[in-house]
């Protein structure tokens, strides 16, 4: 699913895919109908993949496989086994993170992003790109947190076939490529804007223009659709660990269902909520296809800045914003890793 969603890499290496075809027909050729048809075809392909995956695990069963004392069983490795294990685990980290980051630092150290007079060519703009990325990521994480808690709690209170189907549909966005979500969001929003503008012209002689299309609110909505499954998984898992007896005890003391959620569940779900926010935050920071199609004018993010510079073969200048994405993304990932280790120790 991530490979089908990718746009920046395949576009840079000139590999024609569904995603690049949607962008090309929409922006370069101006054929919105053809772009919608490509997006619909890709959506059908995704639906087939999901149906196959769901059918393949219909009879799957999961069993608890832990030590009777509740502690994880550990195995001691000899020096040779330990060295091989460390090397095997370090290889993907070094190739996927260490080497690219080292090259970016090397380009930056050579002064590739510094102009001849010693001024940073993109220094004043970098803070603006970082601000845009942080604002969008924080807003999307907050929206997904609220919606995820409501969906998970509603499923806990009364799980029906309809509620389960509704939840599955709501969390389907992560399986759908960002370009498809962007097209599916822009078309109805554009029609709604045109309808409102036509109504205002007919009734009051005023033109409202585009109220929703091309706004930050529309972009955040697309982020919520795209990454709701990421946050919902952590929220649902955290809520599922709370025993139903706590609900019964709180209700017997006169608390309403909303009070039980606010006073009992949310404090106990603090770790899961933080995990959901961090995962969504990191995904939004590096999201490109949705942002390219739906971003407001002059509202570039770090991902868009890196893509634009790389498209112009200005790779050296792209080093600074690329490193900014790495740094901003590493902070919440480090926090999440610390939280997981802390939970394991407990």
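Here are some notes:
- Considering the conditions (1) part of a loop (DSSP other than H, G, I, E, B); (2) touching a residue at least 12 places away in the same chain (Cβ under 8 Å); (3) more than 30 Å from residue 189 (Cα to Cα), residue 254 is excluded by exactly one of them, (2).
- Among the residues of segment 11-24, just one is in contact (Cβ under 8 Å) with a residue 12 or more places away in the chain and either farther than 17 Å from residue 180 by Cα or exposed (fewer than 15 other Cβ atoms within 10 Å of the Cβ) (or both), namely 12.
- Between 27, 45, the distinction of being more than 15 Å from residue 293 (Cα to Cα) and exposed (fewer than 15 other Cβ atoms within 10 Å of the Cβ) belongs to 45 only.
- Test: residue in segment 128-142 that is more than 30 Å from residue 243 (Cα to Cα), over 13 Å from the mean Cα position of the chain (by Cα) and either exposed (fewer than 14 other Cβ atoms within 10 Å of the Cβ) or modelled with pLDDT under 80 (or both): yes
- Looking only at segment 104-124, and only at residues there that are touching a helix residue (DSSP H, G or I) at 6+ places or on another chain (Cβ under 8 Å) and in a helix (DSSP H, G or I), the one that is modelled with the lowest pLDDT: 108
- Each residue in segment 273-306 was checked for being over 22 Å from residue 221 (Cα atoms) and either outside the structural domain of residue 212 (by TED's automatic domain parsing) or surrounded by fewer than 22 Cβ atoms within 10 Å (Cβ to Cβ) (or both), and 0 pass.
- Of the numbered criteria (1) within 18 Å of residue 150 (Cβ to Cβ); (2) part of a helix (DSSP H, G or I), the one residue 199 fails is (1).
The values are calculated or read from the model by the stated rules, or taken from the named source; none is laboratory data. Quick caveat: nothing in here was measured; it's all calculated off a predicted structure. Note: ideal-geometry Cβ built from the backbone for every residue, glycine included; neighbour counts use all protein chains shown.
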